[in-house]
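Notes for the one structure printed next.
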Amino acid sequence: MALLHILRYPDERLHTVASLVPQVDDKIRQLIKDMAETMYAAPGVGLAATQVDVHKRVIVIDVSETRDQLKAFINPELVATNGESDFEEGCLSVPGIFEKVRRAERITVRALDTEGKPFTLQADGLLAVCIQHEMDHLEGKVFVEYLSRLKQQRILKKLKKQDQRAPAPEGARRAVL
């Protein structure tokens, strides 16, 4: 397995729309393993292939406290949404930034598993938020783009300052998608 490079916002490659995976094969399974290792090491709870500059419709998620319940979604599609909730989100591509985003409270997603078999999953809470967040990446959208133009400008300034100084010490665990 290998740690992959995570693209940082505002990298234009994060706006690339991912293409469908035509066949689940060993290359896709290896991508999923590498993405999982990268996500856990970052540390985060979700990662889309787009974030590692692979523009295929693949996401990995593990919202468990024990970090041992990895879920992989290949060619995911939302088939139902219900309700609304605001959830503070972060993103491995936008380090150190946390903002509230309104999303569907409950979702139903259909995807392929690592064997290429279709499955349907109903989710709520953090898992529902994470799935929607990662699926946005597959459409070329980063969560900060839900925010006002003023907040986006402030975030860009903050990210530029981060790039100019050494990384901050690791803080408390937060849900970084």
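Readers should treat all values here as calculations from the given coordinates under stated rules, not as data from a laboratory. The structure presented is a predicted model; accordingly, all values stated were derived computationally and were not measured. So basically every Cβ, Gly included, is an ideal-geometry build from the backbone, and we count neighbours across all protein chains shown.
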Under 6 Å by Cβ, and 6 or more places apart or on different chains, what pairs join a residue from the stretch 147-158 that is within 14 Å of Phe98 (Cα to Cα) with one that is surrounded by 14 or more Cβ atoms within 10 Å (Cβ to Cβ)? Leu147/Glu99; Gln152/Val144; Ile155/Ile97; Ile155/Val144
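Look through Thr50, Thr66 and report the one residue that is within 30 Å of Lys160 (Cβ to Cβ) and of a type in the set (S, T, N, Q).
Values: Thr66 fails: within 30 Å of Lys160 (Cβ to Cβ).
Residue meeting the stated conditions: Thr50.
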What tally of residues in the stretch 42-67 results from selecting those that are part of a strand (DSSP E or B) and out of contact with any Lys or Arg (no Cβ under 6 Å at 6 or more places or on another chain)? 7
Restricting to the stretch 1-41, name every residue that is surrounded by 15 or more Cβ atoms within 10 Å (Cβ to Cβ), touching a residue at least 60 places away in the same chain (Cβ under 8 Å) and part of a loop (DSSP other than H, G, I, E, B). Ile6, Leu7, Arg8, Tyr9, Pro10, Thr16, Ala18, Val21, Val24
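Has the stretch 68-90 got any residue that is in a loop (DSSP other than H, G, I, E, B), within 16 Å of Ala36 (Cα to Cα), more than 14 Å from the chain's Cα centre (by Cα) and not polar (S, T, N, Q)?
yes
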Only residues that are farther than 23 Å from Lys56 by Cβ and either among the acidic types (Asp, Glu) or buried (at least 19 other Cβ atoms within 10 Å of the Cβ) (or both): list them for the stretch 69-86, please. Glu84, Asp86
Here's a check for you: in the stretch 66-88, which residue that is out of contact with any strand residue (DSSP E or B) (no Cβ under 6 Å at 6 or more places or on another chain) and of a type in the set (Ser, Thr, Tyr) is farthest from Cys130 (Cα to Cα)? Thr66
